[in-house]
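The values are calculated or read from the model by the stated rules, or taken from the named source; none is laboratory data. On a predicted model such as this, the values are computed, not experimentally measured, just so you know. Cβ: placed from backbone, ideal geometry, glycine included. Neighbour counts: every protein chain shown.
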Amino acid sequence: MSKRTIVTMPGDGIGKVVLDETLRVLDAVGFEAQYVHADIGWKFWCKEGNPLPQRTLDLLEKHKISLFGAITSKPKSEAAKELDPKLADKGFVYYSPIVGLRQHFQLDICQRPCKTFSGNPLNFIRRGPNDTIEEPKVDVVVFRQNTEGLYGGVEWTDPSDQVYNAFMTHPKFVKNFSWSPKDELAISTRIFTKKYSERIIRIAFEYARKFGYKRVTLCEKPNVIRETSGMMLAICREMEKEYEGIQFNYTNIDAQMMWMTKNPETYGIIIAGNMFGDIVSDGFAGLIGGLGFACSANIGKEIAIFEPTHGSAPKYEKLDPSIVNPIAMILSACMMLDHIGEIEKATKIRNAIAKVVKDGKVRAYDMLKLRGSQEVLKQGAASTTEMTDAIIAEL
C-alpha cells in the first residue's frame with residue numbers, strides 16, 4: 001500500500017515548531033506518510049500580496065488532508081503597512097488565510113474537543129459544600145459552523161449607494177442608523193443558510209449518538225438575533241425528535257459563559273454559529289488547560305485541515321530552545337488520525353499524553369503557571385522538545 005500524503009502548512013510564528021514536534025510523534029507511533037510542504041502565512045502576504053497562494057490551494061485539492069500550524073493575522077490597515085512597497089496601491093487586500101481556506105473548500109464543520117486530562121494543574125476547580133474543592137471533569141465537543149455568520153466576510157465601510165439603499169428598506173435601519181453619514185458607516189452581515197445549518201446540526205447529533213453523549217446544546221442568542229439564531233433553534237427543535245435518549249436545550253452565549261464555570265460537567269455537545277462557536281470553544285478550552293490543550297478540525301465533504309486553536313505567538317518564535325506547549329498540535333494530529341481511520345494510533349498518542357500529564361514530571365511553562373520567557377527552563381519547565389520526548393517515551 002502506498003503511503004498517504006499529508007500537506008503540512010507550518011504558517012507563522014510557533015507554527016513550524018509545534019508542527020515539527022508533532023511529526024516526530026506521528027513517526028514514533030508508526031504512522032507512515034509522505035509530507036508535502038505548502039506555503040501559507042504572513043511572509044507570503046508581505047512578499048506576494050497573498051497569504052494563501054494558489055499553489056497551496058492546488059496541493060490541498062490534490063491531497064485532501066492537511067496539518068496546519070498557526071497563523072498571524074492583523075487588521076487591514078496594519079497589514080497594508082507591511083506589504084512590500086513594490087505591491088502597494090495595486091489592489092491587494094489582506095484576508096485571513098485560514099478563513100479563506102474554510103470558505104474556498106467549504107470546510108463548514110469546525111470540531112473542537114475540550115476534555116480534561118487528569119492531573120493537569122491548569123484544570124478548572126471550584127469550591128463545593130463545606131469548603132471542599134471540586135475538580136469537575138469537562139468533556140465537551142463544540143461544533144462550530146465554520147463558513148457563514150459574522151466571519152462570512154460580507155461587509156462594507158462606506159457602503160455603495162446600492163448597498164446603502166437596500167439597508168434603508170429596513171425600518172430599524174432607518175430608525176436607528178439613517179442619521180449617520182454614509183461614509184461613516186461600517187456594516188458587517190451575519191448570514192446563515194438552512195443547508196449548512198442543517199448539516200452541522202445533523203453531524204453534531206450523530207456524533208452525540210455515536211459516542212454516547214446524552215446532551216446537545218445550541219449556544220446562540222435567539223431571543224435577540226431572532227432570524228439567524230432563531231433558524232438554528234427551529235432546526236434543532238425539529239431534528240431532536242429523531243434522536244431519542246439525547247436531551248436537547250439551548251443557551252444564550254452570554255449566559256453560557258457564566259454557566260460553563262458553574263457546571264461545565266453538565267455539557268456534552270455544543271452547536272454554535274461561527275463567532276459564538278469561536279467564543280464558547282475558547283471558554284471551555286480555558287477550563288481544561290488553555291490553548292496549549294485546544295485542538296480542532298476543519299472538515300468539508302472532501303478536504304480536512306487539522307490545527308491547534310492557538311495563535312502564532314511571534315514573541316516565542318525565536319526562543320532557542322523553544323518553550324511552547326506542543327500538546328494542542330499533537331492532539332490536532334490525533335483528530336486527523338481519527339478522520340482517516342487510524343483510530344488505534346490516535347488512541348495510543350492520547351493515552352501517552354494523558355500519562356505524561358498525570359505523572360507531572362515533565363511540564364511546559366504554561367502548566368507551571370509561569371510567564372513565558374527563556375528563564376522558565378531554569379525554573380523547572382520543559383522545553384518543547386522535552387515535552388515531545390516525554391510523550392514519545394510513553395509510546
Scan (1) part of a strand (DSSP E or B); (2) touching a Leu at 6+ places or on another chain (Cβ under 8 Å); (3) farther than 30 Å from Lys361 by Cβ for the single condition Gln111 breaks and write down its number. (2)
Would you say Asn176 is over 25 Å from the mean Cα position of the chain (by Cα) and within 17 Å of Ile253 (Cα to Cα)? no
If Lys81 meets every condition in (1) assigned by TED's automatic domain parsing to the domain that holds Ala304; (2) basic (Lys, Arg); (3) in a strand (DSSP E or B) apart from one, which number is that one? (3)
Filter the range 146-194 down to the residues that are closer than 30 Å to Phe306 by Cα, out of contact with any helix residue (DSSP H, G or I) (no Cβ under 8 Å at 6 or more places or on another chain) and of a type in the set (Asp, Glu) and list them by number. Glu155
If you go through the range 353-395 one residue at a time, how many are of a type in the set (A, V, I, L, M) and touching a residue at least 60 places away in the same chain (Cβ under 8 Å)? 10
Per-region count, the range 363-395, residues over 11 Å from Glu21 (Cβ atoms), in a loop (DSSP other than H, G, I, E, B) and of a type in the set (S, T, N, Q): 1
Within the range 247-269, residues among the aliphatic types (A, V, I, L, M) and in a loop (DSSP other than H, G, I, E, B) come out as Met260
Qualifying positions in the range 88-99 - within 30 Å of Ile288 (Cβ to Cβ), touching a helix residue (DSSP H, G or I) at 6+ places or on another chain (Cβ under 9 Å) and not hydroxyl-bearing (Ser, Thr, Tyr): Pro97, Val99
Which one of these is surrounded by 20 or more Cβ atoms within 10 Å (Cβ to Cβ), at pLDDT 95 or above and within 24 Å of Lys348 (Cα to Cα): Thr5, Thr22? Thr22
Checking Ile343 against (1) aliphatic (A, V, I, L, M); (2) touching a residue at least 40 places away in the same chain (Cβ under 8 Å); (3) more than 24 Å from Leu122 (Cβ to Cβ); (4) in contact with a helix residue (DSSP H, G or I) (Cβ under 9 Å, 6 or more places away or on another chain): exactly one of these is not met. Which one? (2)
Which one of Glu307, Glu344 is part of a strand (DSSP E or B) and farther than 12 Å from Ile14 by Cβ? Glu307
In the range 57-78, which residue that is part of a helix (DSSP H, G or I) and touching a helix residue (DSSP H, G or I) at 6+ places or on another chain (Cβ under 9 Å) is farthest from Ala208 (Cα to Cα)? Leu57
Positions within the range 114-129 being under 24 Å from Lys369 (Cα atoms), over 20 Å from the mean Cα position of the chain (by Cα) and not in a loop (DSSP other than H, G, I, E, B), in sequence order: Arg126, Arg127
Somewhere in the range 324-332, is a residue closer than 25 Å to Ser229 by Cα, modelled with pLDDT of 95 or more and assigned to a helix (DSSP H, G or I)? no
In the range 1-48, what count of residues is obtained for those that are over 22 Å from the mean Cα position of the chain (by Cα) and in a strand (DSSP E or B)? 6
